[in-house]
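Trainee: Sharing a structure here in structure tokens format.
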Amino acid sequence: DAKTTQPTSMDCAEGRAANLPCNHSTISGNEYVYWYRQIHSQGPQYIIHGLKNNETNEMASLIITEDRKSSTLILPHATLRDTAVYYCIVTGVQGAQKLVFGQGTRLTINP
Amino acid sequence: GAVVSQHPSRVICKSGTSVKIECRSLDFQATTMFWYRQFPKQSLMLMATSNEGSKATYEQGVEKDKFLINHASLTLSTLTVTSAHPEDSSFYICSARDWRGGNTGELFFGEGSRLTVL
């Protein structure tokens with residue numbers, strides 16, 4: 001079973017910041033938080049991941065709470081192309097460690 | 001560019017036939033690959049873990065004789081849907097972890113293969 005809880009859907013206006021929450025209250029000390037997104041009929045796309053520090057890359061920022069029980073993915077300036085299903089996943093990073101997907105958040109960016 | 005490639009992207013077959021889907025890691029070696037399936041409007045469901053040089057590990061409820069997985073090299077894993085039926089119609093996706101970036105390897109996904117069984 002997935003170890004994360006996300007809202008089913010969210011809307012955001014184009015050009016605004018999209019903040020996607022994720023609860024992972026049972027995360028263990030050696031598990032990372034990964035975010036992927038899936039645009040219709042494509043394979044999932046890696047966005048970002050982190051352990052306990054906040055992370056930022058060219059796509060997004062990841063804010064992890066101090067107790068690591070929740071996190072927020074931030075898309076700073078959402079565009080229409082950011083409309084997708086966003087998955088928050090908790091996993092270890094050994095080679096055979098598998099990713100178990102929950103239902104994700106369907107983010108719709110509105111013009 | 002894509003680091004994990006799947007082929008074919010779409011396949012239509014008749015009921016009772018077998019279909020092979022290939023998953024290749026580009027520019028890196030993958031001792032482990034993962035196979036998922038996805039039905040419309042649903043999330044990805046992990047089917048099995050493909051291990052190079054050994055037997056695949058199947059998730060509970062996935063028939064290993066139905067979904068044959070072969071991982072004969074460090075860059076190629078294949079999924080064969082044997083005696084396919086209409087209920088096997090789905091989007092099949094593979095993934096592999098790239099460790100080149102350091103200790104926390106990103107898991108990259110292929111483009112997916114859409115199987116339609118008539």
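Coordinate-derived values only; no laboratory data. Source: prediction; values computed, not measured. FYI the Cβ positions are ideal-geometry reconstructions off the backbone, even for glycines, and counts take in every protein chain you see.
Trainee: Which shape class, rounded, prolate or oblate, goes with the range A:38-111 when its Cα gyration tensor gives a ≥ b ≥ c as root eigenvalues, a/c under 1.5 marks rounded, and past that a/b bigger than b/c marks prolate? Don't skip to the end; give the middle numbers.
Mentor: On the way: a/c = 1.99, a/b = 1.28, b/c = 1.55.
It comes out oblate by the Cα gyration axes.
Trainee: Using amide H atoms built in the peptide plane, which far-off residues or other-chain residues are under 5 Å from A:Tyr32 H to H?
Mentor: Distant-sequence amide H within range of A:Tyr32: A:Thr91, A:Gly92.
Trainee: Dividing the convex hull volume of the alpha carbon atoms of the range B:17-65 by its residue count, what do you get in Å³ per residue? Could you put the intermediate results ahead of the total?
Mentor: Values: hull volume 6.0 nm³, N = 49.
Normalising the Cα hull of the range B:17-65 by residue number yields 123 Å³.
Trainee: Quick one: dipole size for the range A:15-72, taken about the Cα centre, charges +1 on Lys/Arg Cβ and -1 on Asp/Glu Cβ, in debye to the nearest 20.
Mentor: Details: 5 positive and 5 negative charges, 29 e Å.
Using only the charged Cβ atoms, the result is roughly 140 debye.
Trainee: Give the value in nm², to one decimal: projected area of the alpha carbon convex hull of the range A:1-89, averaged over all directions. Write down the numbers at each step before the final one.
Mentor: Values: hull surface 23.6 nm².
The orientation-averaged projected area of the Cα hull of the range A:1-89 comes to 5.9 nm².
Trainee: Could you sort out which of A:Lys98/B:Lys66; B:Lys41/B:Lys66; A:Lys69/B:Lys66 sit more than 31 Å apart by Cα distance in this structure?
Mentor: Values: A:Lys98/B:Lys66 21 Å; B:Lys41/B:Lys66 24 Å; A:Lys69/B:Lys66 39 Å.
As for pairs spanning more than 31 Å Cα to Cα, those are A:Lys69/B:Lys66.
Trainee: Here is a further query. How high is the relative contact order of the range B:1-114? Use alpha-carbon pairs under 8 Å, at least six apart in sequence, and give a whole percent.
Mentor: The value is 34 percent.
Trainee: Toward the positive end of the charge dipole of the protein assembly as shown, about the Cα centre and with charges on Cβ (Lys, Arg +1; Asp, Glu -1), which of A:Ala17, A:Ala60, A:Asn110 goes farthest?
Mentor: Checked the options; the winner is A:Asn110.
Trainee: I'm a student and want to see the number: the projected area of the Cα convex hull of the protein assembly as shown, averaged over all directions, in nm².
Mentor: Details: hull surface 49.7 nm².
About 12.4 nm², averaged over all directions.
Trainee: Counting only Cα atoms, I'd like the Rg/Rh figure for the range B:23-118, Kirkwood definition for Rh.
Mentor: On the way: Rg = 13.4 Å, Rh = 13.8 Å.
Ratio of gyration radius to Kirkwood radius for the range B:23-118: 0.97.
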